Amino acid sequence: MSIDTNEIARIVEPSLEAMGYRVVRIALTGVQRATLQIMAERRDEAAMTVEDCADISRSVSALLDVADPIAGAYTLEVSSPGIDRPLVRPEDYDRFAGFEARIELSEPHGGRKRFRGRLLGRVDDQIRLSDETGEIRLPIAAVTRAKLVLTDDLLALAQRKPAQTH
């Protein structure tokens, strides 16, 4: 089963944006029983609630029922990115500048593939990262996985976000 997650993003992102959410990541896992994972966050930076995930699930289900981009049965899973969230879009590296991150590359850079340090934002198509050796620049195109590291600074940021109640 070959499913284009970019096509799914084109179908669901406009509706979720209008509802006040930002899509963080869309992934399709599993072969026998596919699972479509949609990770989203609130545009107002407030903490995600179970109701938010339910609203997104209803909207995405309706959109995908009409567009039908996935042949066969699948399970829809909607979640928030969590505190130690993945860094997916290039602008995430600017948005979370000052926080610690782990970054893995597809090919070695300076003899290694794994890096951990404080994000300093971006310059052109490179991530600026400060580690024990000083500032390093990593090509965004080579990133296979990147996520924030759970630190006291990150926990403090999360605690400042008010949870919305319905």
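The values are calculated or read from the model by the stated rules, or taken from the named source; none is laboratory data. Please read all numbers here as calculations on a predicted model, not as lab measurements. All Cβ positions, glycine included, derive from the backbone under ideal geometry; neighbour counts span all protein chains shown.
Tabulated results
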item	result
Pair list, Cβ < 7 Å and 6+ apart or interchain, from region 34-49 residues that are free of Cβ contacts under 8 Å to residues at least 24 places away in the same chain to residues that are surrounded by fewer than 17 Cβ atoms within 10 Å (Cβ to Cβ) and in a strand (DSSP E or B)	none
Considering residues of region 136-156 that are of a type in the set (D, E, K, R) and over 13 Å from Glu100 (Cα atoms) only, the residue surrounded by the most Cβ atoms within 10 Å (Cβ to Cβ)	Arg137
Selection count where residues are surrounded by 12 or more Cβ atoms within 10 Å (Cβ to Cβ) and in a helix (DSSP H, G or I), scope region 39-57	5
Selection status of Asp94, within 20 Å of Ala40 (Cα to Cα), in contact with a Gly (Cβ under 8 Å, 6 or more places away or on another chain) and either surrounded by fewer than 17 Cβ atoms within 10 Å (Cβ to Cβ) or of a type in the set (D, E, K, R) (or both)	yes
Filter result (exposed (fewer than 15 other Cβ atoms within 10 Å of the Cβ) and either aromatic (Phe, Trp, Tyr) or touching a Leu at 6+ places or on another chain (Cβ under 9 Å) (or both)) within region 115-135	Arg116, Ser130, Glu135
Qualifying positions in region 70-81 - in contact with a Lys or Arg (Cβ under 9 Å, 6 or more places away or on another chain) and surrounded by 14 or more Cβ atoms within 10 Å (Cβ to Cβ)	Tyr74, Ser80, Pro81
The listed residue being crowded, with 16+ Cβ neighbours inside 10 Å and either assigned to a helix (DSSP H, G or I) or in the same structural domain as Glu104 (by TED's automatic domain parsing) (or both), out of Leu63, Leu36	Leu63
Filtered residues of region 91-129 (kept if outside any loop (DSSP other than H, G, I, E, B) and small (Gly, Ala, Ser))	Ala101, Ser106, Gly117, Gly121
Unique residue being modelled with pLDDT of 95 or more, over 22 Å from Ala47 (Cβ atoms) and touching an Asp or Glu at 6+ places or on another chain (Cβ under 8 Å) when the list is Arg102, Arg114	Arg114
Single residue of region 12-33 satisfying the filter (at pLDDT 95 or above, of a type outside the set (D, E, K, R) and over 14 Å from the mean Cα position of the chain (by Cα)) that is surrounded by the most Cβ atoms within 10 Å (Cβ to Cβ)	Val12
